[in-house]
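Presented below is the structure to which this report refers.
No value in this document is a laboratory result; all are computed from the given coordinates. None of these values were measured; they are calculated from a predicted model. Positions of Cβ are generated from backbone atoms using ideal geometry, with glycine treated the same way; all protein chains shown enter the neighbour counts.
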Amino acid sequence: MGRQQRLELTWTNKDKALIPTEQGRYGYTWVDPRDPRYCETRVLTVDETVAGTRSEKEEGTTYSERADLEPQTDNLLILGESGDVLEALTRVPEWSKKYVGKVKCIYIDPPFNTAQTFSNYEDNLEHSVWLTMMRDRLLHLRDLLSDDGSIWVHLDAVENHRMRALLDEVFGSGNFVAEIQWKKRSNLPNDVAVGSNHDTIVVYGSQSSFNLRPRPDGHGGYRNTDNDPLGPWAEHPMDSNAKGGRGVDHLFYPIVNPNTGKEYWPAKGRNWLYPRESIPGKIERGEIVFGRNGLSGPKKKTYLTNVRAGLTYPTLWLDDNFEEFPVNNAAEKEQDALFPDSEGIFETPKPERLLERIIHIATNPGDVVLDVFAGSGTTAAVAQKMGRRWVTCELVEDTFNRFTRPRLEKVVNNEDQGGITLQKEERADATEDGLPEGLTPEEAQKFTSLLNKTIKNADELKKNPAVKQLKAMTKTKPVKGLVNWRGGGGFQVAHLEPACFDYDPEVALTTLTEHATGDLLVRSVAAQLRFALTPEDLHFDGNRGREHLVVVEGVLDEEKIDEVMSHLPEGHSVLFAATVVDEFAREHVRSFKNGSRVVHVPLEVFPYSDAAEEEK
């Protein structure tokens, strides 16, 4: 059999890499993927820790179970470009050990490439630039994702079809989970004939540990009106499609309702689930019922204990879909409440309840949630309120300082009472025998409201027994909203350090930048060579198994080599990384015959030369 061809998306300069052209902005230059300006792993520095205060419970206030979750402190807020941040998280040993293969849920809301320029970020990248930018980030995100984790990519119509092909390429088409349509606005744009009012959220990864949708009132139509010892139950059809579209003789027969004597047959093209001889025993044992009033056709009893703990989520998320769901203007109100003096700071903020649903489906308390396009910090804020750990980064310093960090500080200090902090007032069943099967308290309330409007001016209908019975069957009561979050926890604040390495195409050489000195040079060299730092060690700067790192800013001389070697454990070796190296130093290190070696910084850390490549 011939080699199976792979379906792959191609674009201009796909084989090249992108480097930022300006610090803190979207804007890129194409380079060879071996270019040191692209390959350098930037150093991530933790500046401080923000600790919040958890409020005590107040008498007379109702709290949800979520309000008792332990607030997380192992969180990370980073100022820096997403590509460099992801490179640090995946390649620097101190961070990779903590996050590679450990992230349960990734949510990203990247620039949509809609040729619009917003005040807080750029969104006008060409398709090829956008695809390369996303490809490089997705490859790192794949490394960070746990085996049972999932990635949720929020998109509009401009790049959705290209992103699907790219996600297939990076994560594999077999790991596609769903494409969710989220209704983002309740009104339509009036400047076009066909206006978009939804976004798409594409999901890849594993759904093996997804959480299901809670059943309304915990039962979702399952009631125990006859005190069945097996608990709540619901009526389900006891017929199924007939094989081949024709009846199977031993499954096609009449069933008589013992209360009315009425005879029931399967519908055309369908069969009963059970053979005729089993029916009397099932009726006697109560496994087959004839409606809750005993006057209907046969139904099988299905017990709540025999069904899944929750309900399946749909792929269509509407504001009137199985529960009220917010659109973008809900997020705008949340933003205005947090930053009353900065109206309209983000064009497309996402409501907290949208992220709440995603995080609920994909994670459990204590799991790690990652978002590398933080913006106002919604993902991290919701993750914190739900007892999850989180990592997020923001490129634009102004956005970081004015919105992202202040918002997360408000969350841990319990100064954010919006979004999912408070659960809105709900309705609950107030009937004697339970609401009709499949009817939620919210639906029952709407029905009662419409019924009252219908009979408002009709006295004879108000007195009608059937109307009174309908109202009694759909009676509900308000349930006061719950408090879901009381503050607490905290996070580390970090930033990406400036680049220590540069490349000069005119002379085809890697060079050191003005920042490449002192502790930053040591940390940067360790990051490039994948050594874990050992700041507590007086003699070595890092280690990688049985190999130790020593970084020398300046000349590596015989005295330095001898001093280091005197402290080297038996069976171990040293990698000397020096900015000035001569042949004598190399020969002296080799003379110890323990596998130690010398590299020049930066020429042998980044040996790339585009001129040399062109000559080949």
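If you take the charge dipole of segment 221-306 about its Cα centre, with +1 on Lys and Arg Cβ and -1 on Asp and Glu Cβ, which of 221, 269, 289 is farthest toward its positive end?
Working it through, the farthest residue towards the positive pole turns out to be 269.
Ranking 551, 599, 192 by Cβ neighbours within 10 Å, fewest first, what do you get?
Fewest-to-most Cβ neighbours within 10 Å comes out as 192, 599, 551.
Just to confirm my numbers, what's the Cα centroid distance between segment 529-607 and segment 429-467 in Å?
Value for the Cα centre distance between the two parts: 82 Å.
Using amide H atoms built 1.01 Å from N in the peptide plane, name the residues 5+ places from residue 574, or on other chains, whose amide H lies under 5 Å from its own.
Here 548, 596, 597 satisfy the definition.
Would you calculate, for the chain, the mean residue ellipticity at 222 nm contributed by helices, counting each DSSP H stretch of 4 or more residues as -39,500 (n - 2.57) and dividing by all residues, to the nearest 500?
-7000 deg cm²/dmol
What does the charge count around residue 606 come to, taking other residues whose C-beta lies under 10 Å from its C-beta (Lys +1, Arg +1, Asp -1, Glu -1)?
On the way: positive: 34, 37; negative: 35, 40, 502, 604.
After counting each charged neighbour, the total is -2.
Can you tell me what share of the DSSP beta bridges in the chain is antiparallel? A percent to the nearest 5 is fine.
60
Between 0 and 90 degrees, rounded to the nearest ten: what's the tilt of helix 352-362 against the longest Cα principal axis of the chain?
Orientation of helix 352-362: about 90 degrees from the principal axis.
Using a 10 Å cut-off around each Cβ, can you sort 78, 108 from fewest to most neighbouring Cβ atoms?
Taking fewest neighbouring Cβ atoms as first place, the list is 108, 78.
Note down the relative contact order for segment 483-616 as a percent, whole number, built from C-alpha pairs under 8 angstrom at least six residues apart.
For segment 483-616, the relative contact order is 21 percent.
Can you tell me the dipole magnitude for the chain around its Cα centre, using point charges on the Cβ only (Lys, Arg +1; Asp, Glu -1), in Debye to the nearest 20?
Once rounded to the nearest 20, the dipole reads 4540 debye.
Of the peptides 408-417, 153-162, how do they stack up when ordered by the mean number of other Cβ atoms within 10 Å, highest first?
Those peptides, ordered most packed to least, come out 408-417, 153-162.
Projecting each Cα onto the charge dipole of segment 426-479 (Lys/Arg +1, Asp/Glu -1 at the beta carbon, about the Cα centre), which of 452, 474, 441 comes out farthest on the positive side?
Result: 452.
Relative contact order for the chain: what percent, with Cα pairs under 8 Å and sequence separation of 6 or more? Don't jump to the answer; show the numbers that get you there.
Numbers: 1143 pairs, mean separation 118.8, N = 616.
Rounded, it is 19 percent for the chain.
Using 0.36 nm per residue, how much length does the chain from residue 558 to residue 450 gain when fully extended, once their Cα-Cα distance is taken away?
Contour length minus the Cα-Cα distance gives 29.7 nm.
Quick one: which of 531-543, 463-475 comes out on top by average Cβ neighbours within 10 Å, and what's the full order, highest first?
531-543, 463-475
From the alpha carbon gyration tensor of the chain, can you work out the equivalent ellipsoid semi-axes (sqrt of 5 times each eigenvalue) and give them in Å, largest to smallest?
Ellipsoid half-lengths, sorted descending, are 61, 28, 25 Å.
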